[in-house]
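Q: Have a look at this one.
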Amino acid sequence: MKVLVIGNGGREHALAWKLSQAERVSQVFVAPGNGGTARDERLHNVPIAPTDAKALADFAAEQKIALTVVGPEAALAAGIVDEFRARGLRIFGPTKAAAQLESSKAFAKDFMKRHGIPTAAYETFSDPAAAHAYVDGRGAPIVIKADGLAAGKGVVVAMTLDEAHEAITWILEDNKLGVTHNDGGARVVIEDFLAGEEASFIVVCDGKRVVSLATSQDHKRLLDGDEGPNTGGMGAYSPAPVVTPNVHAKVMHEIIQPTIAGMARDGHPFTGFLYAGLMIDEHGQPRTVEFNTRMGDPETQPILMRMKSDLFELLMHATDGTLDQVELQWDRRVALGVVLAAEGYPLSPRKGDAITGLPADAEDGMVFHAGTAEVDGKLQTSGGRVLCVTALGESARTAAQRAYELASGIQFAGRQFRSDIGHRAIKR
């Protein structure tokens, strides 16, 4: 059977890599793919943009694609699942209406409030003066979020009032991110700061049932010690020790199951990957920071390194509505991924730098490509997060040592990375 993966990042490289190992899969196409997928003889790049739903559906129909898997949020928000389903093509992901859980922060917060899902107190603003006044009344620390898709860069955790006001000006008044919510125009969600430890909780949904994937934790800040600006993610590891069996049960009972039931009641049954970004306080109480309607990046890379089950069969069950027949198997080892980013990331990443020193693939180590491209047979940087060097180890410490060992030989001008990925798990 043939499979199509939509997207060009590290998440899509990992999905395609894992799907290519499935017993029933004969070919994996990636649209448009990247330099890493171009170099893998098991994968085939297709030069179609992720948001060109009609062209992708045409390709899927012509090639008799058995399953299409959507990686990036922009394609989901543009309605690619609706297009495929209207043409009778099997695709894994949420509809445009269901994808609003990610594409509109205001939609997600209103949904959580309506359905009693634990999250931070918030208000939504399109008027800058009202937003500034709210922040003055609420105090800092406080969180300012762009209401729309911003590639992981639309959240400012303001530790001072000056930072909060600057974020409102940047996102709402100047709209430097160019983000618009579903009704057009800039809008911000301002919410209370939540203290605790973050974790990524990702499940596969078939509209009624869910199967949870391995837990993970990513590192959003650019610099060591969780300093610097927010990014799309500078590294991740799986499992996340903070998600104890008790916390896992609470998340399923208080967040995941009410979300799936609530979406169905609201007329938007959710199929696809549902990602709950959690903040877990000192008492083990989880609250929802955000929802994503796709796999996380860079969480996908370590999660799929640990998955022993057949990803293709899992997603076929999900699209058939038979997830109750699935039980997943996981490698007991820890997987950890370190992102190597381009100079200038996250605001203005430089492109076109030559990449050298890539290690060979190994059972306990993989380099997943994100912002790379092949130009005249040579590999170059083409985006902000360039590579995710991912390794397995008996502990978080040994997985980190192996990942950094693999990363040490990789070179490109301006390379930047964090040297403390997994520090919370290692301390535990």
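The values are calculated or read from the model by the stated rules, or taken from the named source; none is laboratory data. Values in this document were obtained by computation on a predicted structure and should not be read as measured data. Cβ coordinates were reconstructed from backbone atoms using ideal geometry, including for glycine residues, and neighbour counts include every protein chain displayed. Areas reflect the complete protein model, heavy atoms only, side chains present, ligands, DNA and RNA absent. Shrake-Rupley method; radii C 1.70, N 1.55, O 1.52, S 1.80 Å.
Q: Mind checking the per residue accessible area of the chain for me, 1.4 Å probe, whole number of Å²?
A: I get 39 Å² per residue for this part.
Q: Just check the chain against the gyration tensor rule for me: Cα atoms, a ≥ b ≥ c as the square roots of the eigenvalues, rounded for a/c under 1.5, and otherwise prolate or oblate depending on whether a/b exceeds b/c.
A: Judged from the Cα gyration tensor, the chain comes out rounded (a/c under 1.5).
Q: Let me ask something else. State the answer as a single residue: which of Ala399, His423, Gly344 lies farthest towards the positive end of the charge dipole of the chain, with beta carbon charges of +1 for Lys and Arg and -1 for Asp and Glu, about the Cα centre.
A: Working it through, the farthest residue towards the positive pole turns out to be Ala399.
Q: Which of the three applies to the range 197-278, rounded, prolate or oblate, going by the alpha-carbon gyration tensor with a ≥ b ≥ c and a/c under 1.5 meaning rounded?
A: prolate
Q: Taking 0.36 nm per residue of sequence separation and subtracting the Cα-Cα distance, how much length would be gained by fully extending the chain between Glu41 and Glu173, in nm to one decimal?
A: 42.7 nm
Q: What whole number of Å gives the distance from the Cα centroid of the range 68-96 to the Cα centroid of the range 208-223?
A: 22
Q: Could you work out how far apart the two model spin labels at Asp331 and Lys64 are, taking each label as a point 7 Å from the Cα in the direction of the beta carbon, and quote it in nm?
A: Calculated label separation equals 3.5 nm.
Q: Could you work out what % of the accessible surface of the range 17-162 is carbon and sulfur, using a 1.4 angstrom probe and leaving DNA, RNA and ligands out of the count?
A: The value for the range 17-162 is 51 percent carbon and sulfur by accessible area.
Q: By its C-alpha gyration tensor, with a ≥ b ≥ c as the square roots of the eigenvalues, how is the range 257-341 shaped: rounded for a/c under 1.5, else prolate for a/b larger than b/c, else oblate?
A: The shape class here is oblate.
Q: Extension gain Ser419-Glu197, at 0.36 nm per residue separation less the Cα-Cα distance, in nm?
A: 78.0 nm
Q: Starting from the Cα-Cα distance between Val375 and Lys208, subtract it from 0.36 nm times their residue separation and give me the gain in nm to one decimal.
A: 55.6 nm
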